[in-house]
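K.L.:
Mind looking over this structure? Questions follow.
Bear in mind these aren't lab numbers, they're just calculated from the coordinates by the rules spelled out. What you are looking at is a predicted structure, and each value in this text was computed from that prediction instead of being measured. When we count neighbours, we look across all protein chains shown, and the Cβ atoms used for this are built from the backbone with ideal geometry, even at glycine.
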Amino acid sequence: MESKSFTTGNRDNPNTDLHGSKNMMASHFLRALFRIQQTSTSSSSFAGRSRRIRRAAYASMAYSAGARRAWSRALLRKLRSRARLRFPRRLSRTARPQRRDMDQAQVLRKLVPGGPSMDYCKLLEETADYIRCLTTQVRLMQTVMDSISSYAHHPMIP
Amino acid sequence: MSSRRSRVSEEEINELISKLQSLLPEARRRGGGRASAAKLLKETCNYIRSLNREVDDLSGRLSALMATMDHNSAEAEIIRSLLRQ
């Protein structure tokens with residue numbers, strides 16, 4: 001996988017209006033990682049730390065979009081209520097008849113924060129933004145992974 | 001609602017749908033503008049689920065990596081990462 005600088009983005013996403021929020025996402029997420037590392041003890045469970053990192057990921061996404069988006073407002077509400085962050089994993093268990101796009105919209109509403117209260121048009125808009133944000137967060141996490149693991153293999157001499 | 005009005009709405013919806021299509025990775029797109037809205041929404045749902053799984057996976061890997069480093073070296077590297085952004 002070619003390595004790309006996280007902030008300069010890549011060819012297939014010329015969406016430069018993300019740039020400022022990318023930085024905010026990165027600094028929020030890194031600060032959260034730092035806190036998690038500092039408050040982790042040798043007795044902290046792997047699963048517990050994973051859950052905290054995952055939560056920090058969605059929090060960074062939500063804060064970077066802030067109040068500007070319905071999905072981020074819904075996500076922030078969820079985070080603040082301290083409820084467990086759950087997203088539907090499985091495909092619907094119902095039989096697979098030919099679905100109209102309105103039925104698929106219902107499935108999509110469950111996947112996008114705040115989806116249930118959006119009309120079709122709004123859902124499509126919010127989904128696009130949510131996907132852009134999710135892919136940015138994934139790239140961020142990959143970048144952090146790469147830099148931490150390269151350090152682990154090649155520790156720098158102070 | 002006049003028929004003219006509903007035509008505009010339909011255009012708007014089609015535009016939003018094709019914008020979504022452009023966000024899907026190559027492998028998930030289904031031939032140009034011919035893709036039915038239903039298929040496209042289905043692929044969108046699949047893509048979101050896979051992104052959620054990637055976040056889960058990367059969280060686990062970061063957790064494991066952080067466990068192997070003591071507080072000082074992890075701190076230094078995280079700060080260095082921050083400065084590089």
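K.L.:
In which sequence would B:E11, B:E77, B:E54 go, from the one with the fewest C-beta neighbours within 10 Å to the one with the most?
P.N.:
Placing the least packed residue first, the sequence is B:E11, B:E54, B:E77.
K.L.:
Would you mind checking A:K110/B:K19; B:K19/B:K42; A:K78/B:K39; A:K22/B:K39 for any pair whose Cα atoms are more than 25 angstrom apart?
P.N.:
Beyond 25 Å: A:K78/B:K39; A:K22/B:K39.
K.L.:
With θ set to phi - 60° and the Karplus curve 6.51 cos²θ - 1.76 cosθ + 1.60, what are the ³J(HN,Hα) couplings of the range B:53-60 in order, to the nearest whole Hz, using x for Gly and Pro?
P.N.:
Taking θ as phi minus 60°, the curve returns 5, 5, 4, 4, 4, 5, 5, x Hz for the range B:53-60.
K.L.:
Also, quick follow-up: Going by how many other Cβ atoms sit within 10 Å of their own, how do A:S27, B:S63, B:S9 line up, fewest first?
P.N.:
Neighbour counts put them in this order, fewest first: B:S9, A:S27, B:S63.
K.L.:
Then there's this: I need A:R84, B:R80, A:R52 ordered by Cβ neighbour count within 10 Å, fewest first.
P.N.:
Fewest to most other Cβ atoms nearby, the residues stand as A:R84, B:R80, A:R52.
K.L.:
Once the Cβ-Cβ distance between B:N14 and A:D103 is put in as r, and R0 is 25 Å, what FRET efficiency do you end up with, to the nearest 0.05?
P.N.:
About 0.85, to the nearest 0.05.
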